[in-house]
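These notes concern the structure reproduced below.
The values are calculated or read from the model by the stated rules, or taken from the named source; none is laboratory data. Because the structure is a prediction, the values reported are computed rather than measured. Cβ placement follows ideal geometry from the backbone for every residue including glycine, while neighbour counts extend to all protein chains displayed. Only protein heavy atoms, including side chains, enter the accessible area calculation; ligands, DNA and RNA are left aside. Shrake-Rupley method; radii C 1.70, N 1.55, O 1.52, S 1.80 Å.
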Amino acid sequence: MAEPAFSREPRKLKFHVFCAIPETIKSVFETGVIRKAVDTGVLRVFLHDLHALSPEPHGKIDDYPYGGGPGMILRVDVVAHALEKVFCKDATDIGKLMPVILLSPQGERFTQEMAISFVSFSEIVFICGRYEGVDERVREYIATKEVSIGDFILSGGEIAAAAVIDAVVRLIPGVVGNVESLKEESFTSGLLEYPQYTRPASFRGWKVPDVLLSGNHAEIAEWRRKKAIEVTRMKRPDLISRKDYREEI
Ligand code: SAH
């Protein structure tokens, strides 16, 4: 894959999702935190229907695999034409201007770190497969990165693109009310978040830890740090081994 020279204009994001069934994820962008970001003008999401953009008769976008085998494959010419119609540029040049992400179970695993790296771009393209997959030439000649949201197979890339977009959008300054809440979240600090409680302080004898009701901020901070390490060690020991918290454990 060609290494692109990305532009790094921050703060106003445009996402383009090229997919077969935009309806699958339309509501994701019409509700909640993402809707708020759209309404305040820091985000624009364009859902591009590959069928509507296809130059083939009846909006056909897939075909049988060369060499035989089950299922249908999303065509490279359909993807190239769709991108070219929207960007008025050769499909292979778009990756020089912005990340062109192919959603695929074979891609690099999506992480919070990757979400943080995406928020610095002003425009990102997502290409979603369907059926048995995508003609390999999309990865070779058009995409700049292949991204997976985990080791399982979805029926299409739409939900994967929506998951990535959701994780990136909430990192745009101002979208999630409290910046502090982002800093302490799981993965951001290299640890999982400490346990959280809210009212009532006691329910059926299930009590909130006394320290959280004490009003002693230093003690609360220390308790939370210890708990974050404990929880991470218990649930995700692989994260601990990646960072050096040993002196605190
Ligand atoms: N036959 C392919 C899987 C195709 S799944 C294989 O074995 O590799 C159909 C489409 O769903 C893919 O093209 C991709 O866009 C999307 N998809 C499926 N699982 C995904 C995952 N874990 N992460 C990101 N996209 C995924």
Report, to the nearest 10°, how far helix 76-87 tilts away from the longest principal axis of the Cα atoms in the chain, using its own Cα long axis and a range of 0 to 90°. 70 degrees
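Where the convex hull is taken over the Cα atoms of the chain, what is its projected area averaged over directions, in nm²?
The Cα convex hull of the chain, projected and averaged over all directions, gives 17.7 nm².
Restricting to DSSP H runs of at least four residues, report the calculated mean residue ellipticity at 222 nm for the chain, -39500 (n - 2.57) per run over all residues, nearest 500 deg cm²/dmol.
Working: 11 runs with 85 residues, N = 249.
Rounded to the nearest 500, it is -9000 deg cm²/dmol.
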Modelled label-to-label distance, LYS96 and VAL42, 7 Å Cα→beta-carbon offset: nm? 3.2 nm
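How large a share of the accessible area of the chain, in percent, is made up of carbon and sulfur atoms when the probe is 1.4 Å and the other protein chains stay in place? Don't skip to the answer; put the middle values down first.
Details: 7630 of 14310 Å².
Result for the chain: 53 percent of the exposed heavy-atom area is carbon or sulfur.
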Once the piece of chain linking ALA52 and ILE21 is laid out straight, how much longer is it, given 0.36 nm per residue of separation minus the C-alpha distance between them? 10.1 nm
Quick one: if you stick a label point 7 Å off each Cα along the C-beta vector at GLN106 and GLU140, how many nm between them? 1.1 nm
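Send over a whole-number figure in Å² for the accessible area per residue of region 13-169, probe 1.4 Å.
Values: 7370 Å² over 157 residues.
Accessible area per residue, region 13-169: 47 Å².
Listed highest first by mean packing, meaning other Cβ atoms within 10 Å per residue, what order do 80-87, 94-101 come in?
94-101, 80-87
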Each label point is 7 Å from the Cα along the Cα-to-Cβ direction; what then is the distance between the points at ARG204 and LYS60, in nm? 5.9 nm
Candidates LEU53, LEU74, LEU239, ranked by Gaussian network fluctuation over the chain, Cα under 10 Å, top entry: LEU239
How do 65-73, 217-225 rank on mean C-beta neighbours within 10 Å, highest first? 217-225, 65-73
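Could you tally the net charge around PRO57, taking each other residue with its Cβ under 14 Å from the Cβ of PRO57, Lys/Arg +1 and Asp/Glu -1? Write out the running numbers ahead of the final one.
On the way: positive: LYS60, ARG75; negative: GLU56, ASP62, ASP63, ASP77.
With Lys, Arg at +1 and Asp, Glu at -1, the net is -2.
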Taking the Cα atoms only, what angle lies between the long axis of helix 217-235 and the longest principal axis of the chain, rounded to 10 degrees? 50 degrees
Would you mind working out the accessible area per residue for region 190-248, using a 1.4 Å probe, and quoting it in Å²? 77 Å²
If the reach is capped at under 18 angstrom between alpha carbons, list the lysines near LYS60, excluding any in the same chain fewer than eight residues apart. LYS85
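Using the structure shown, list the pairs from LYS14/LYS96; LYS145/LYS235; LYS36/LYS145 with a Cα-Cα distance above 20 Å, or answer none. The partial results should precede the final answer.
Working: LYS14/LYS96 16 Å; LYS145/LYS235 30 Å; LYS36/LYS145 28 Å.
Correct reply: LYS145/LYS235; LYS36/LYS145.
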Computed FRET efficiency, Cβ-Cβ of SER189 and VAL33, R0 30 Å: what is it to the nearest 0.05? 0.90
About the Cα centre, and with charges only on the beta carbon of Lys, Arg (+1) and Asp, Glu (-1), how big is the dipole of the chain? Nearest 20 debye, please. 900 debye
